[in-house]
Every structure is written in structure tokens, then in C-alpha cells.
């Protein structure tokens, strides 16, 4: 009888233990909060963890060290409005139709808003799963609800109106929002207009970069990068100190690259460099970071990834079914289990700053580009111009066009590009 009771007790204890383990496992795998940090007009080289010898980015360096970092990340389109729309939807500009910053002459901006309003954005899809979401910073699409956000700072658009106070003036709206969520899962869009112009960094940072012989415009831009880094560090530190270190997926990316021009300011010189709004590396390349301690192991990945991959990765992390038409790849099997990525190329299109005709992105295309392994092909749309080919391992800043001596490589990459 005693043995029988002992077996019953052991069985009950085992059942309790199994239930406890299952509960802990489910808690560990519960959908995370998501904080998306989106830099604005920052070069892909301009971080400590990317090897810059002058710019100090200790907080983003730490984020990279604690997460999975992709140095070979890309944006398909190197212009802010189109790139931000891709981040929110996981779609190419040719799919979401937001290819340019401004409408054609005589067309009101309001006619551009339905493209995102009717799209399956990340916050819209997360809302269906009980998430609350907050928009701050850059947002071109009118009222924040047009992006599917439940709350936000922008109500009118171009750039982001009141939302642009975030980072430059305050971080408090984010903290207040997260506290108000209590136990409700949240998605935060932190897209400050940093290090974007105006380049007016705090004096305590600028003085580090103002050295004899250095162009003042260069010094101000570098100081802006450090200022942006400071705000990222403040945000991540707040998350960690308020119990959100393990339950929050932090994603880092930049909307497009930047190469600072020096000397006197020239009209429109931000587009004269081979960076913003161009198909070159200084325009389309950006590091991408995913950080969730205890869930994503630190690693530095060499695979080619694109910002079209961010939406499906976030949705998978949050146990949300992805829309069928998303072209990107869920990166979680790669960064959590080291499963090989079944893709070896990334590509994109570059568009005019002002749209030719709403709803017809193909009319505004200036270039198409593709990178496969170490090779990068750029195909201009303008008649009479020739493709350019670069081998990025040897020539990361695309100084030596190899197209004339590599016709077979040009043909191969052109065929791949034409299949997209």
C-alpha cells in the first residue's frame, strides 16, 4: 500500500514537473515584442563594427556583438520613402507602388497614400495577433494609421512632421507607450531623422571631430552618426533595464546610404555622390542586425540579405502567417539554426526622385542592379549607356568597371536580373 501511494506521489510530481517545463518552454518561445531601429542617410562603412577608423558607435557596436549581424545587407531602392515602404511591407517598390519621394507635378500627395494604406504592413498584421504598435520618426504616408499603426506621432506626412521630434529632441513617447502596453505585446518603429540633414550635432560630440585640416561638413556628418548611436544606446539600455532584454527582438537597418560631400554646399549635391538614390554600394548597402539575447546567438554572417527579408523574419518570430506574395526570406532558420540560405543573389531598382505616373513604377526606373556572390552588375535604363560590373571583394567602392573584359559574367547576371 505504501509503495502504491509512493508511486502515485511520484507520478503526480512528474506530471507537475512536465507541466512546469512545458510552461517554461512556451514562455521562452512566446512571440516577442519588436523594436525596429531605422537609421536615415548613413553610410554602410560608418560604424566601429564595420571598420570605420574615426566614427565612434559604441552602442551599435554592442548591439552587433550581441546579435546576428549581416554586413552584406541591402536595400532594393536607395531613396527614403520607397525604402521605408519596403521595410514596412516586405515588398519591392514595383509591388507596393511607392517608388519616389514626390508625386508628378500637379498631383496632390494625398493620391499617393492609398498604396500603403491598403498594403499588408507589419504593424497591421501584428495588430490582428493582439499587438499594439507605435510609429515615431520618419513616415511619409500621412496619418500613422495608414501604415497600420495603432498609435503614432505623425499625422500629416512628408518626412514625418511631429514624429521627427523623436531622437533629436526626446525619447519619452516610446517609453510612455511601452509602459502603457503592460503585458500586451508591442511593435515600435524608431526611425529618427538621424544622421540625416540638417547636420547639427550637439557641441559635446561635434568637438571630437573638429580637427585641423578636416572639412567641417565631414566633421558634422561624422558627429551626427555618433549622436544617432547615442540615441540607439539610450533606447536599448532602457529596454534592458525595464525587463525587456530577453522578450524583445531589436532589428537595426538604414533606409539608404550616404556619402558626405565636402566644401561649399551646392544645390542638390546630396544626389551627386554615388550614394543616396543610386545603385552603388554607398547607396544600397546597409548592415542589418537582429538581437534577442538567449534566443538569437551572436554571429557575423556573410550571406547576402535584403530588407525584403526583414518583414518575413519578424512575422515568423511573432508566429504570424506571412502573406503569400512576400518575395523575401525568413532568416530565422539561418540565424538560429545555421541552416543554409537558399539564395545567392539580391537585387533592386532605382527610381527618379519625383514620380512620372502614379501606380506605374516602371516609368520612373533609372537603374536596375543585382549582386551575386562577389559580383555586382548595374544596368542603366538610359538609352546609349552600358552596364557596369564590379567585383566587390577586391573593389568594395566600385572604382574599377570590369564589364568590357567579362562579357559572359555580364550576360549571366543580366539574365538573372531579367527573370525578376
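The values are calculated or read from the model by the stated rules, or taken from the named source; none is laboratory data. Given the structure is predicted, the values throughout are model-derived calculations rather than measurements. Note: ideal-geometry Cβ built from the backbone for every residue, glycine included; neighbour counts use all protein chains shown.
Looking at 276, 220, can you tell me which residue is in contact with a helix residue (DSSP H, G or I) (Cβ under 7 Å, 6 or more places away or on another chain), outside any loop (DSSP other than H, G, I, E, B) and buried (at least 19 other Cβ atoms within 10 Å of the Cβ)?
Unique residue meeting the criteria: 220.
Name the helices (runs of 4 or more DSSP H) wholly inside the stretch 38-103 in which the number of residues that are more than 27 Å from residue 295 (Cβ to Cβ) and in contact with a helix residue (DSSP H, G or I) (Cβ under 6 Å, 6 or more places away or on another chain) is 3 or more.
93-96
May I ask you to say which residue of 134, 116, 164, 126 is in contact with a helix residue (DSSP H, G or I) (Cβ under 7 Å, 6 or more places away or on another chain) and in a helix (DSSP H, G or I)?
Exactly one of 134, 116, 164, 126 is in contact with a helix residue (DSSP H, G or I) (Cβ under 7 Å, 6 or more places away or on another chain) and in a helix (DSSP H, G or I), namely 116.
Yes/no matrix, rows are residues, columns are (1) closer than 26 Å to residue 382 by Cα; (2) at pLDDT 95 or above:
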{"site": "300", "(1), (2)": "no, yes"}
{"site": "316", "(1), (2)": "no, yes"}
{"site": "344", "(1), (2)": "no, no"}
{"site": "356", "(1), (2)": "yes, yes"}
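Can you tell me which residues in the stretch 239-271 are part of a loop (DSSP other than H, G, I, E, B), out of contact with any helix residue (DSSP H, G or I) (no Cβ under 7 Å at 6 or more places or on another chain) and under 16 Å from residue 218 (Cα atoms)?
Matches in the stretch 239-271: 258, 263, 264, 265, 266.
How many residues does the stretch 147-158 hold that are part of a helix (DSSP H, G or I) and either within 14 Å of residue 189 (Cα to Cα) or modelled with pLDDT of 95 or more (or both)?
Of the residues in that region, 1 qualify.
Here's the yes/no breakdown for (1) surrounded by fewer than 18 Cβ atoms within 10 Å (Cβ to Cβ); (2) outside the structural domain of residue 315 (by TED's automatic domain parsing); (3) not in a loop (DSSP other than H, G, I, E, B):
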residue	(1), (2), (3)
130	yes, no, no
145	yes, no, yes
174	no, no, yes
189	no, no, yes
196	no, no, no
200	yes, no, no
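Taking the stated definitions as given, is residue 221 over 28 Å from residue 347 (Cβ atoms), over 18 Å from the mean Cα position of the chain (by Cα), assigned by TED's automatic domain parsing to the domain that holds residue 318 and without any contact (Cβ under 8 Å) to a residue 40 or more places away in the chain?
When the stated conditions are applied, residue 221 passes them.
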